[in-house]
Amino acid sequence: MNDFYYRKLEVYHIARSLVVDVYRYCNTFPVNETRVLCAQLQRAAISVPSNIAEGLSRFSIRERIHFLEISYGSLMEVMCQIEISHSLNYINDGDLQMMDDKIARIARMLSGLRSSLEKKQSN
């Protein structure tokens with residue numbers, strides 16, 4: 001397997017595990033949510049690690065930051081949709097808390113990575 005930079009980052013691996021969690025939850029949702037809430041939730045979740053990978057594959061620091069910002073926005077979209085899923089009783093309290101914790105961790109890591117890149121850009 002190639003040694004791409006993004007694969008070395010813990011945030012990428014945690015974001016990928018978020019995708020697996022989302023798919024696992026969507027498998028328990030009512031069938032009528034497959035094309036609506038699940039589809040949107042899955043797209044947003046997939047966008048998080050995808051934009052980390054794409055962004056960190058760019059040569060320009062400015063572009064890297066831009067893709068991390070997109071990833072962060074998608075992450076907040078996932079959180080919103082998880083909260084909606086909880087309100088609809090598709091996700092229980094414990095799973096909501098677990099997802100909230102994981103999403104907060106990813107958010108902190110993305111913010112830290114962004115700050116690091118901004119410092120590099122300033123120098």
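Rounded to whole Hz and in sequence order, give me ³J(HN,Hα) for the range 32-41 from the Karplus expression 6.51 cos²θ - 1.76 cosθ + 1.60, θ = phi - 60°, writing x for Gly and Pro.
So the J values, rounded to whole Hz, are 5, 8, 4, 8, 10, 5, 4, 4, 5, 4.
Which whole-Hz ³J(HN,Hα) couplings does the range 107-123 yield from phi under the Karplus relation 6.51 cos²θ - 1.76 cosθ + 1.60, θ = phi - 60°, glycine and proline marked x?
4, 4, 5, 5, 5, x, 5, 4, 4, 4, 5, 5, 5, 4, 5, 6, 7
Given charges of +1 on the Cβ of Lys and Arg and -1 on the Cβ of Asp and Glu, with all other atoms neutral, how large is the dipole of the range 19-123 about its Cα centre, in debye to the nearest 20? Before the final figure, lay out the partial values.
On the way: 12 positive and 12 negative charges, 113 e Å.
Computed charge dipole of the range 19-123: roughly 540 debye.
Mean separation of Cα pairs under 8 Å and 6+ residues apart, divided by the residue count of the chain: what relative contact order is that in percent? Walk me through the intermediate numbers first.
Numbers: 107 pairs, mean separation 34.1, N = 123.
It rounds to 28 percent for the chain.
Charges on Cβ only, +1 for Lys and Arg, -1 for Asp and Glu, centred on the Cα centroid of the range 17-123; of Thr34, Cys80, Ile46, which one is farthest towards the dipole's positive end?
The listed residue farthest towards the positive side: Ile46.
So, counting K/R as plus one and D/E as minus one, what does the shell of residues with Cβ under 12 Å around Tyr72 add up to?
0
Given only helices, namely DSSP H runs of n ≥ 4 each adding -39500 (n - 2.57), what is the per-residue ellipticity at 222 nm of the chain, to the nearest 500 deg cm²/dmol?
Working: 4 runs with 92 residues, N = 123.
For the chain, the value works out to -26000 deg cm²/dmol.
Scan around Tyr90 for amide H atoms under 5 Å from its own, H built in the peptide plane at 1.01 Å from N, and keep only partners 5 or more places away or cross-chain.
Those lying under 5 Å, H to H, from Tyr90: there are none.
Report the local net charge at Arg114: Lys and Arg +1, Asp and Glu -1, summed over other residues whose C-beta lies under 9 Å from its C-beta.
Working: positive: Arg64; negative: Glu69, Glu118.
Summing Lys and Arg as +1 and Asp and Glu as -1 gives -1.
Translational diffusion coefficient, Stokes-Einstein: compute it for the chain using the Kirkwood radius over C-alpha pairs as Rh, at 25 °C and 0.890 mPa s, and state it as an integer in µm² s⁻¹. Kindly include the intermediate steps, with their values, before the conclusion.
On the way: Rh = 14.9 Å.
Here the translational diffusion coefficient equals 164 µm²/s.
If a cysteine in the chain has no other Cys Cβ under 4.7 Å from its own Cβ, put it on the list, ordered by number.
Cys80
Pulled fully out, how much extra length does the chain show between His66 and Ser115, if you take 0.36 nm times their separation in residues and subtract their Cα-Cα distance? Walk me through the numbers on the way to the answer.
Values: separation 49, 0.36 × 49 = 17.64 nm, distance 1.22 nm.
Gain on stretching His66 to Ser115: 16.4 nm.
Test of understanding: extend the Cα→C-beta vector of Met76 to 7 Å, then name every residue of the range 37-65 with backbone N under 16 Å from that spot.
44-45, 48
Each value in this text was obtained by applying a stated rule to the coordinates, not by laboratory testing. Just so it is clear, the model here is predicted, and its values are computed rather than measured. Positions of Cβ are generated from backbone atoms using ideal geometry, with glycine treated the same way; all protein chains shown enter the neighbour counts.
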